[in-house]
Amino acid sequence: MSSTFFGLHIAGSGLNAANANINTTANNASNVNTEGYSRQVVNVSESSSLRAYTRYGSVSTGVSTDSVTRERDQYYNQKYWQNQSDYGYSSQKQYYMNQIEQYFTDSASNPGFSTVFAKMFNALDSLKSNSGDISTRTSFISTSKELCSYFNQTSSNLQSLQTAVNDDIKTYVDKINSISQKISVLNSKINVVETGYGHPTANELRDEREKLLDELSTIVSVDTNEVKLKDTRSVEEHKKNKNVEEVWNGATEFTVKVNGQTLVDGDKYNAITVSTRENRYNQSDVEGLYDVVWKKDGTSFPVWGDNQRGILRGLFEIRDGNDLENMKGTASLFYPQTYTLSNNTTAQADGTEDPASGNIFTNDATKAGQLVRDPYGNLVQNLKNTTNTFIKMTLPSGGMAADELSLPSNGTVLVNNHYYDYSGFTAQTDDNGKIISVVFELEHKIPSSQVGHIAGNTMTVGSSVDFKGIPYYQKQMNTFVRSLSRAFNKIQKKGQDADGKAGQALFVANDRSMDREGNFSLEADNSDSTYIDSEYYEYERAEGEITRQTAGTGTTAIYKDANGNEVDEYGYRLRTVKDAGGNDVKERIPVYEYEYQTNPDGSIKYDNKKDSKGNIVYDRLGNPVQVPAKKENPNYDPKSSDPVKADKYLLKTDSNGNPLQKVNSSRETTHAIGLSYDTNTGNVTYYGGVIRDTDDTYYRLTAANFSISSEMENDPNKLSTTINKAYDENLNLGQDAYDLMSQMAKLQSNVALYRGGTADKFLERIYADVSVDTQECKTFTENYKTIQQAVDKQRQSVSGVDYDEEALNLMKYQQAYNLSAKVISTLTEMYDRLILNTGV
């Protein structure tokens, strides 16, 4: 039977429960506007009943106030954190894309490309009508310089933006570390509280931790997990006896992971840091870009995880986005071939060994399929340079346009999950100027354990980022200025200036790394021999192998081809002519333009090609080589000193009767045109056909160094307006002639120069890219903001504090408190009556 005064205990438990609810309601009301606060509730239950030896068997003991916990739904937490990552990712990209869009805006208040470009061609149109006027020439050069300045400034703006984004990456890395550290500290504090007597819930600490996770999830995508830890002794006893229950000790292990890698583990966290790249990934990147790595071992932080989003990922895409246009191909080991010359000196040539035959085939595109030979026609000996410091990348079929080359001069390649730093490269082109392969010279020897895992694997330079970020727009500008410069310079170089001198490049590369202006010529022997433009005229080439004839001491060496024709060391046929003093001198034999026979339908008639001995020339398949059939010369006189009469076939002539020399069809392409041989060192160099990072080619021209020739800027008379009299029969054209101006004017809107379209459409294509991506980022940002609000509303419906609900609760618990107090008051009166008014 229960105690007489047991009712006071029961009423007291009700009073305590009501008091706890009132205090909790007061706490909720006080934090109604506190960010991150979760509404708290008092958890009560019936107290365990007592056994009473009466008819009713047991006695209720009142109410048990068990705990005060938060109202939180982890499902909504996870949904919110996932959306926060998406929101941070898209909003950060939108912020920077708005700035990039502004750089390409063309308006009255902010003149852009279209305005400046049209202004330059308007000045060019004025120059056509008065090409001899120095002020008109100056005006055109000035507007051309404005175009250069536009690209220089835009490139500089993008580089400054890239630097700012890079700084932001470091800022957010520091913020991740700060948040992670705070979470680990909170984990420890939560366990201290919750392992105490009764295992109370650390509500406020848990709220603080989830508020930090709200912030962290905006920066990176996170996965969280919390596991209850069991008492060690109970676990051991449970192993011995399954009837013994494992007991929770109040502690939990809370982890935060990023793409499966642990960031926070209980009271510890793994710090991350930034690592400065030693090499650039793209030609126009700024120096000192960061990668994010784990501080403990330097391995990569999973920024590029498949499911990774957040501000950090967005920053990397803006900074490194190249629309997957980084160079990719198939890797193979490459050995520069060393061979011995007849004078016992050694030389090197670029070649690739055929595994089947052991022969070494040249990499010179114009000699595809031919064996490497020395200048005397001897086969190169197969002596490998086995230092393993070269890797060759073969590009997919179709290659890459030379003007799109965006490799840094020194960088990093990835093959089979191994990174190799390179100090230089040589890109090989085909007959159409398309890059088909690149040989990288590595800074360090490939480890022997990795040599066998190179060939046949995919090889990439830099990183592939599926977004049009800063590197993408830098590359587009570089490609455009190269195409435009190449077209302008081609016209300028075939012209003559106001003083009748040969034309020169208008647009040049103000390349500080070369410590001079790059005008796209390859320096050799203290003179510029044109690299991309090659020789203007064609000369007869050697037939078959070249052999060096024994010469007397102190005499010049003599070279002959397979048919006994005398040639120079570069493979050009020679003839003997008289100089001004009547002395015999050797000169290359020009290739002239001929009049060709025609068929009845007007088409050119073809015949079998013959060598200098009259023998038919066959191709590798045994078929006769077909060439246009020349007309017979009706005035043929083999003894005549006049080349027109001395030729068996009818030559084309200018208005003065001089023969027209054939223009080199390889001009303005990048494929090989020959080789040079250094008799002192024995080095053989194939020129043309390659783009080296150190050569003065259009590769070195970028939007950042796009400039006007300083010579032309200082002296506008250097500008070519008419074709060079040495190249054409327009011998009477003066400095007022403007035939070249008409050709340059077509470059505005009549010649395809960029992405299959004309130059004046450059801004339209770039702005279309920018605006589409900016609008996409804006749309996603708005969508994720809407989702954020919806999910947060659902989350707040569970954990948020509601004014009306708390007001009702306050009234409810006040009534409960009053009721319990009334019970105590009633019992007090009963006990007073019992004790004071009951007599014995």
- Message: Please report the carbon-and-sulfur percent of the accessible area for the stretch 199-328; probe 1.4 Å, protein heavy atoms only, DNA, RNA and ligands left out.
- Response: 44 percent
- The alpha-carbon center of the stretch 55-123 and that of the stretch 150-201 are separated, in whole Å, by 16 Å
- Task: With a/c under 1.5 counting as rounded, go ahead and sort the stretch 113-201 into rounded, prolate or oblate using the C-alpha gyration tensor (a ≥ b ≥ c being the square roots of the eigenvalues; past the cut-off, prolate if a/b is larger than b/c, else oblate).
- Result: prolate
- Alpha-carbon centroid distance for the pair the stretch 277-303 / the stretch 214-266, whole angstrom: 33 Å
- Task: Note down the net charge around L216, summing +1 for each Lys or Arg and -1 for each Asp or Glu among other residues with Cβ under 14 Å from its Cβ.
- Result: +1
- How fast does the stretch 170-271 diffuse by Stokes-Einstein, in µm²/s, taking the Kirkwood radius from C-alpha pairs at 4 °C and 1.567 mPa s? 88 µm²/s
- Item | Accessible area of the stretch 1-112 divided out per residue, in Å², using a probe of 1.4 angstrom | 53 Å²
- Query: Contour minus end-to-end for S60 and E46, with contour as 0.36 nm per residue of separation and end-to-end as the Cα-Cα distance?
  - Reply: 4.2 nm
- Residue-normalised value, i.e. accessible area per residue, for the stretch 251-343 at 1.4 Å probe, in Å², stands at 40 Å²
- Item | Shape of the stretch 1-146, Cα gyration tensor, a/c cut at 1.5 | prolate
- Total formal charge among the other residues, if their Cβ is under 11 angstrom from that of K648, Lys/Arg +1 and Asp/Glu -1: 0
- In terms of Cα to Cα distance under 13 Å, which aspartates and glutamates are near enough to K793, apart from those fewer than 8 places away along the same chain? D73, D802
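The values are calculated or read from the model by the stated rules, or taken from the named source; none is laboratory data. Quantities reported herein were computed from a predicted structural model and do not represent experimental measurements. Positions of Cβ are backbone-derived with ideal geometry, glycine not excepted, and every protein chain shown enters the neighbour counts. Note: accessible area is taken over every heavy atom of the protein model, side chains too, but ligands, DNA and RNA are not part of it. Shrake-Rupley method; radii C 1.70, N 1.55, O 1.52, S 1.80 Å.
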